[in-house]
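Quick notes on the structure that follows.
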Amino acid sequence: MRNKRISLLVVGALLAGAMHVYAQTKMPPAWQSSLVQVTEEGKLVYHPDEEGNVIPDFSRVGYHHGDRSIPVTAVTKTIEPLRGDNYAHIQQAIDELSALPLDGQGHRATLLLKRGIYEVSKTLQIKADGIVIRGEGSNSNETRLIATFRERNALIRISGEGQPSEVSGSRVKIRDRFVPVGTHKMVVEGGGRVFSRGDRVMVYRPATDNWIHDLKMDQIEERRGTRQWKAAEYNLAFEREVTQVKGDTIWIDNPVVMQMEEKYGGGEVYRYTFDGRISEVGVENLCLESVYNDYEDLNHAWIGVQVDKAENCWIQHVTSRYFAYSCVSLEHFAKNVTVLDCRMLELKGLITGGYRYSFNNNGQQNLFMNCQATEGRHDFVTGARTLGPNVFYNCTAFQTYADIGPHHRWSCGTLYDNIYTDGEINVQDRGKMGSGHGWAGVNQVLWNCRMKSGAIQNPWVSGKNYSIGTKGVKREGANKGRPEGVWEGQGETNVFPRSLYQAQLQARLSYDLKTMTK
């Protein structure tokens, strides 16, 4: 397969700059992976493995795929804190603004919460497009919302309604016998007779009994509560958009992040709609807290901000304290959400089981950037069947009690880029852990991370996992005898490019600009 090349003058200039710095300061020379490299001409080059798979392009994640900046919206309504419960005070303002018309950019209204303390007795619900809740700062002496309820709920919940609905008659088979990781194109039955540019599609990868067997997930060591994997539970539907159609070949906006093989059922593509999903919702500049009784209290607020059935949304400059689960939790139907400059501090809950997941992602094409966590267990984590690409970039975790990484049951296509933790980062077969977590993920990429230690393992079939430029001790993992993942540049101090996500983003934006000006 020919190398995938993307013009990248910016990164080329950075490479030249890195060489100049080396010459002046005697720093170690820039080290590059054999899998993704920047040439002296400034091109980002991907080298395929023996099956044709390449490291995916992770740049099309977050708010509007990273093509737009998070908007600065004008304030529509301002409120100040009341003595006692502020639930009705805030919720009525949200509901009032939700009845206003949308503008041409999909924005409706911005609610400003003035500095002060707002006690809140119930979950605040945002159910309409284009609503922004903004405070005057995320420190405890600025705009501070305190969840006083004793339930395992979110303080703020953003959610539309419904679920994806397949367009009748649009499902067709992928004709390629093998679709590699990293590709943006595939040959499908019907091609241009079925699909057009701009169509929203699901790239569907069915599971089969023989795939489960070859993955050895029907052979998990038994203990009380263990559930062997069933094929019907692992049919995967990746949300994509058609960008080009030529004959029977279609191109999609985000890459394939799990290889599809004829022997394991191949793949299909179909159009879908999602009536009721909302967009353009933001939460900004707030300090969110929960009341609690003691360090391991479980009967109090669970999550700072929860998002589901929403896309092209953002949470930025939010500090959460004392919750039992997370600062931000993106659920299964959360897509293209950016979580920026947020902090999860001093979690309160048991140090075991399903508690203390500081920044949790179960959705698709989401970006967590510049986030911090303390006293968590799984600080930057994905759940079962989390479908990428997804990115955690430039995030830190300290006083950790467990590990970062995909948590269980086959997360596909996540980049952990410049993650710094005093704990572990693991991508492994978790086997009988939990109720039979098994293989936590595939096509998971660690890039220039720093950790205490970690295990990176390859599943028996259907892909690889990568540790590139990781600083930390390599360990065997919870279950011995599994194939070792791809390790390159362990302990390297001058990994180049420093950030894969940033290099890919600059490469794409540079390429798009060059294409537009031709």
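The values are calculated or read from the model by the stated rules, or taken from the named source; none is laboratory data. What you see is a predicted model, and the numbers here were worked out from it, not measured in a lab. FYI the Cβ positions are ideal-geometry reconstructions off the backbone, even for glycines, and counts take in every protein chain you see. For accessibility, only protein heavy atoms count, side chains too; no ligands or nucleic acids. Shrake-Rupley method; radii C 1.70, N 1.55, O 1.52, S 1.80 Å.
Here r is the Cβ-Cβ distance between Ser435 and Gln125 and R0 is 30 Å; the resulting FRET efficiency, rounded to 0.05, is 0.45.
What does the C-alpha gyration tensor say about the overall shape of the range 158-239? Classify as rounded when a/c is under 1.5, otherwise prolate if a/b is larger than b/c, or oblate. Oblate, since a/c reaches 1.5 and b/c is not below a/b. Between Asn370 and Phe398, the contour length at 0.36 nm per residue exceeds the alpha carbon distance by 8.7 nm. Segment Glu221..Asp341, full-extension length gain: 39.1 nm, with 0.36 nm per residue of separation and the alpha-carbon distance subtracted.
The Cα atoms of the range 110-191 give a gyration tensor whose axes a ≥ b ≥ c have a/c of 1.5 or more with a/b greater than b/c, which makes the shape prolate. Remark: the Cα gyration tensor places the range 348-425 in the oblate category, a/c being 1.5 or greater and a/b not exceeding b/c.
Backbone N atoms of the range 88-123 closer than 20 Å to the 7 Å Cα→Cβ label point of Ala74 belong to residues 94, 96-114. Separation between the His89 and Lys114 pseudo-spin-labels, each 7 Å from Cα along Cα→Cβ, expressed in nm? With each label point 7 Å from Cα toward Cβ, the separation is 1.0 nm. Averaged per residue, the chain has 40 square angstrom of accessible surface, using a 1.4 angstrom probe with ligands and nucleic acids left out. Treating only the Cβ atoms of Lys and Arg (+1) and Asp and Glu (-1) as charged, compute the dipole magnitude of the range 99-216 about its Cα centre; round to the nearest 20 debye. Taking the Cα centre of the range 99-216 as origin, the dipole is about 100 debye.
How big is the gap, in Å, between the Cα center of the range 112-170 and the Cα center of the range 234-269? So the separation of the two Cα centres works out to 34 Å. Once the C-beta distance of Arg177 and Arg152 is scaled by a Förster radius of 41 Å, the resulting FRET efficiency is 0.30 to the nearest 0.05.
Express as a percent, rounded to the nearest 5, the fraction of DSSP beta bridges in the chain (both residues included) that run antiparallel. Taking every DSSP beta bridge with both residues in the chain, the antiparallel ones total about 25 percent. Bridges between two residues of the range 65-200, per DSSP, are antiparallel at a rate of about 5%. Taking the Cα centre of the chain as origin and assigning +1 to Lys and Arg Cβ atoms and -1 to Asp and Glu Cβ atoms, the resulting dipole is close to 540 debye. For a straight C-alpha distance cut-off of 23 angstrom, the lysines reachable from Lys474 (same-chain residues fewer than eight places away being disregarded) are Lys432, Lys452, Lys464. Bridgeable aspartates and glutamates around Lys480 (alpha carbons under 14 Å apart, same-chain partners fewer than 8 residues away excluded): Glu221, Asp429.
Before anything else, pin down the relative contact order of the range 127-258: Cα pairs under 8 Å, at least 6 apart, normalised by residue count, whole percent. Contact order relative to length: 27 percent. Take the Cα of Asp297, go 7 Å toward its beta carbon, and the backbone nitrogen atoms of the range 113-146 under 13 Å from that spot belong to 146.
The translational diffusion coefficient of the range 150-195, from Stokes-Einstein at 4 °C and 1.567 mPa s with a Kirkwood hydrodynamic radius over alpha carbon pairs, comes to 87 µm²/s.
Report, to the nearest whole %, how much of the accessible area of the chain belongs to carbon and sulfur atoms, 1.4 Å probe, protein only. C and S fraction of accessible area: 46 percent. Listed peptides 343-352, 66-75, 188-197 appear in the order 343-352, 188-197, 66-75 once ranked by packing, highest mean of other Cβ atoms within 10 Å at the front.
Here's the picture: a label point sits 7 Å out from the Cα of Leu82 along the beta-carbon direction, and within the range 101-123 the residues with their amide nitrogen under 14 Å of it are 118-122. With contacts taken as Cα pairs under 8 Å at a separation of at least 6 residues, the chain carries a relative contact order of 14 percent. Multiplying the residue separation of Glu51 and Leu102 by 0.36 nm and subtracting their alpha-carbon distance yields 13.6 nm.
When the P(r) of the range 294-409 is calculated, the portion above 26 Å amounts to 9% of the C-alpha pairs. By the helix-only formula, in which each DSSP H run with n ≥ 4 contributes -39500 (n - 2.57) and the sum is divided by residues, the chain has a 222 nm mean residue ellipticity of -3000 deg cm²/dmol.
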